[in-house]
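Colleague: Below is the structure I would like to discuss, written out as structure tokens.
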Amino acid sequence: MAEECLICGAPLVYLQEDEEMTCAICHKTESSKTKCVNGHYVCNACHTQGMDSVFGICLQATSKDPVEILNQMMALPFCHMHGPEHHVMVGMALLTAYHNAGGEIDLPAALGEMKRRGSSVPGGACGFWGACGAGISTGMFLSIVTAATPLGEKNFGLSHQMTAKALGAIGAVGGPRCCKRDAYLSLLSAISFVGQELGVEMARPKIRCTYSSQNAQCLKERCPFHPKKSISGRIKLTKK
């Protein structure tokens, strides 16, 4: 995973304006702000090929720890250092741990819904939308487990609060982006929030990142999960 461009390994560039680009794998043409310095573009669908393999991990897991479940997903061959697959996997890891911790959901149906929703968040949303897809994924998770809709009341509010907590944790660390770091921050925010608001206690792990050498933009000691700065996994959440 020590790469940027999936085709040639060159660094990526992020544009301020959309350009018409053709995927180097499936040859579909669409608008995007992302390509490598050599001009290669890979669409979100091709970038996340193999995503269905995470269903097996989730349906077989017995752990109440969403970080442990996510780490299993990220170890799969399809998962890259960065990419929109994290926008789905964060929510799926939370759904699985929530179910195993006693949360009452139809897990297979919930996982399918999470994949549909998370796949709609494109790569680069962290920079271009001001909302990291991993953080948004926590709000999707909360929306699914509480059956929120645009007409909901308490569950509508909780879903937004969940997303805000995760994005606040991500924003406090700052960039450049790291999909692993932001996924971990999102999970820790959700563990605390769900225990506080829904009374379901998922396991709270210690996190020690093993991806630093594979990330050209790693924050090193600025990252709370860097091997030299491993933390207990506690993120303070402001009560309402």
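The values are calculated or read from the model by the stated rules, or taken from the named source; none is laboratory data. Bear in mind the structure is a predicted one, so any value in this text is a computation, not a measurement. Reconstructed Cβ throughout: ideal geometry from the backbone, glycine too, with neighbour counts over all protein chains shown. Just the protein is used for accessible areas: all its heavy atoms, side chains included, with ligands, DNA and RNA removed. Shrake-Rupley method; radii C 1.70, N 1.55, O 1.52, S 1.80 Å.
Colleague: What is the percent of Cα-Cα separations in segment 1-128 that go past 27 Å?
Modeller: Within segment 1-128, distances greater than 27 Å cover 25 percent of Cα pairs.
Colleague: Find the accessible area per residue for segment 112-240; the probe is 1.4 Å, ligands and nucleic acids are left out, and the unit is Å².
Modeller: Value for segment 112-240: 47 Å² per residue.
Colleague: Compute the FRET efficiency between Ser31 and Glu153 as 1/(1 + (r/R0)^6), taking r as their Cβ-Cβ distance and R0 = 22 Å, and round to the nearest 0.05.
Modeller: Calculated transfer efficiency: 0.05.
Colleague: What GluC sites (Glu not before Pro) does segment 100-153 have in DSSP loop regions with at most 15 other beta carbons within 10 Å?
Modeller: Glu104, Glu153
Colleague: While we're looking at this one, here's another question. Within segment 150-201, what whole-number % of the accessible surface is contributed by carbon and sulfur, with the 1.4 Å probe and all protein chains included in the calculation?
Modeller: Ligands and nucleic acids excluded, carbon and sulfur give 62 percent.
Colleague: Quick one: what does P(r) look like for segment 161-200 with 5 Å bins over all Cα pairs, in whole %?
Modeller: 6, 26, 32, 19, 11, 5, 2
Colleague: Helix 133-145 versus the longest principal axis of the chain: what angle, 0 to 90°, nearest 10, using Cα atoms?
Modeller: With rounding to tens, the tilt is 40 degrees.
Colleague: Rounded to a whole number, what % of the accessible area of segment 1-63 do carbon and sulfur atoms account for, probe 1.4 Å?
Modeller: The nonpolar share, carbon plus sulfur, comes to 49 percent.
Colleague: Could you state the number of Å between the C-alpha centres of segment 127-171 and segment 10-80?
Modeller: Using only Cα atoms to place each centre, the spacing works out to 21 Å.
Colleague: Quick one: length gained pulling Phe55 to Val13 fully straight, 0.36 nm per residue minus the C-alpha distance?
Modeller: 11.9 nm
Colleague: If you don't mind, there's one more thing I want to ask. Give, as ranges by residue number, the residues of segment 182-201 whose backbone N falls under 20 Å from the point 7 Å along Cα→Cβ of Ala164.
Modeller: Only 185-199 pass the distance filter.
Colleague: If you fit an axis through the alpha-carbon atoms of helix 107-118 and take the longest principal axis of the Cα set of the chain, what angle between them do you get, 0 to 90°, nearest 10?
Modeller: For 107-118 against the chain, the angle is about 40 degrees.
Colleague: Based on the alpha-carbon gyration tensor of segment 61-120 and its eigenvalue square roots a ≥ b ≥ c, which shape applies: rounded if a/c is under 1.5, prolate if not and a/b is larger than b/c, or oblate?
Modeller: Because a/c hits 1.5 or more and a/b fails to exceed b/c, segment 61-120 counts as oblate.
Colleague: Convert 20 °C to kelvin, take the viscosity as 1.002 mPa s, use the Kirkwood radius over C-alpha pairs of segment 99-232 as Rh, and evaluate the Stokes-Einstein diffusion coefficient in µm²/s, rounded to a whole number.
Modeller: Using the Kirkwood radius from Cα pairs, D works out to 137 µm²/s.
Colleague: Also, quick follow-up: Of Lys115/Lys165; Lys64/Lys154; Lys115/Lys220; Lys115/Lys180; Lys180/Lys228; Lys180/Lys220, which pairs sit farther than 20 Å apart, going by alpha carbon to alpha carbon?
Modeller: Long pairs (Cα-Cα over 20 Å): Lys115/Lys165; Lys64/Lys154; Lys115/Lys220.
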